């Protein structure tokens, strides 16, 4: 049996919509964060594998979890993360929650409503923010704001990739009641261009997701670690730009992703604003939130 890592898609931490263990983060945390990322990416790629049978996906996810918990040493990503957790005295709970989300990706292809989707995000996205907060020793009172931001990041991704997810995996994260309310159908996701009904649904979800981002705005100010706070500010800035694209464009036929150059420019601006606020205690003058790049 091949190792889980041999099933990786080839996507790495530099290909994400957000920074992963970037140079902003203190070097003492990067090895643990990268070990966590590699474990999670491996599990995600198993769940998304285009040819593996569903039961084999579930079996491989179970094996990753078993070895994360010390039952075997055949899966390098699980062993590396297990040892990294042990060195820091951290629980594997956040990684286990993510594995639960990947199992849902295999077994649950539709979501009834917004609350159903948020429950999925509580396993697929919120544990990532909680892990990062725990790594930095932040107070768990920050979890609520982090949960909102992480869920919004996940939903941005769902909206960006809604056509690909449907065509490749028959997986639809758009709430069924939102589709119905707009007069849209799942099958419209297979078209080259969104119908007016589907576009109404997608852009309505983007606006709702923008509200979710706003619920997490207190997080940056509540984080004690300056370097981590700056990284979160950069992530928020990326999410803001993406949600603005999603409010104005059709993800089936138009670009709703940031280029590497755009990401670099947004990151520098966000860091400068974050440092200004950290030093002066004042919020910098905001850029136009409605601008689409």
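None of the figures in this text is laboratory data; all of them are computed from the coordinates on show. Since we're looking at a predicted model, the values are computed, not measured. Methodologically, a virtual Cβ is constructed for each residue, glycine included, from the backbone with ideal geometry; neighbour enumeration extends over all protein chains shown.
For the chain, the relative contact order works out to 16 percent when only alpha carbon pairs closer than 8 Å and six or more residues apart are counted. Note: relative contact order over the stretch 188-261, using C-alpha pairs below 8 Å and six or more positions apart, is 43 percent. One equal scatterer on each Cα of the chain, no solvent, Debye formula: the resulting log10 I(q)/I(0) at q = 0.10, 0.11 Å⁻¹ is -0.55, -0.67. For the pair residue 176 and residue 28, the difference between a 0.36 nm per residue extended length and the Cα-Cα distance amounts to 48.9 nm. Using the Cβ-Cβ distance between residue 227 and residue 253 with R0 = 45 Å, the FRET efficiency computed as 1/(1 + (r/R0)^6) comes to roughly 0.70. Ellipticity at 222 nm from helices only: DSSP H runs of n ≥ 4 in the chain, each -39500 (n - 2.57), divided by the residue count, give -20500 deg cm²/dmol. Starting from the Cα of residue 197, move 7 Å in the Cα-to-Cβ direction to define the label point; list residues of the stretch 246-276 whose amide nitrogen is under 19 Å from there. Taking a point 7 Å out along Cα→Cβ of residue 197, the residues of the stretch 246-276 whose backbone N falls under 19 Å are 250-253.
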